[in-house]
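First the structure, in the form of C-alpha cells, and then the observations on it.
Please treat every number below as a calculation from the coordinates, not as lab data. Quick caveat: nothing in here was measured; it's all calculated off a predicted structure. Every residue, glycine as well, gets a Cβ built from its backbone with ideal geometry; the counts of neighbours run over all protein chains shown.
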Amino acid sequence: MELTKDIIINNKIFTIRGIQVMIDKDLAELYEVEARRLREQVKRNIKRFPIDFMFQLTSDELNFMVSQNATPSKKHFGGTLPYVFTENGISMLSSILRSDTAININIQIMRIFTKFKNQSVPYFDIIERLEKLEDNDKDTQDLLTKVVQVVSDMQNIQNEAKNNTKKIGFVR
C-alpha cells in the first residue's frame, strides 16, 4: 500500500517555474479533505505561506497543464486558478492540517522530495568542482563553461526521467 501511495504522490508532483510543486486539489485529495477547506485553512494562516512556499498558477500555466494532459481539464479545478505548494509549503501544511492522514501523507511527501534531491547530489559536486577551476586561458574557460552546461543539462534530463514528474512550462 505504501509503494502505491508513493507512486500516486510521484505522479502529482509537477515542475512549474523550475520548481517542484504539488497542486492544492491533489494535496486535498491525498489529505482526504475538500480542496476548499484546505484553501480556507491556508487563507486563515496566510503568513505561513510566503510566495516561495505557495503561489497561484496563471491562466497560461493552467492552459499549458491541460494541453499537456497533466490535468484533465480546467473544470477539474472548479473554475478557479489553483494554488501550488513547494516542498516548504507542503511542510508548512502539516502545521495547519493536523489529522493523522495529513500527517502521514506529509511524511511520505517529504521523503519523496528528499529522495529527488539525493538523486541529484553527484552532479552538483561535479559542477561545483568544475566551476572552481580557474585558468587564464580563454579556450579552456570556454570549454569548461560548455562542460558545466552539458553536465547541468544531463542532470536535468536524468532528474526528469528518474522522478517521473510531469514537467510544466515552456521549453527553450
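Express in nm, to one decimal, how much length is gained between ARG39 and ASP6 on full extension, taking 0.36 nm for each residue of separation and deducting their alpha carbon distance.
Extra length from ARG39 to ASP6 when fully extended: 9.5 nm.
The peptide list 19-30, 144-155, put in order of mean Cβ contacts within 10 Å with the highest first, becomes 19-30, 144-155.
Summary of packing: across the peptides 98-104, 6-12, the per-residue average of other C-beta atoms within 10 Å ranks them, highest first, as 6-12, 98-104.
The ranking of MET110, MET65 from fewest to most other beta carbons within 10 Å of each one's beta carbon is MET110, MET65.
Taking the square roots of 5 times each eigenvalue of the Cα gyration tensor of region 2-118, largest first, gives ellipsoid semi-axes of 20, 17, 14 Å.
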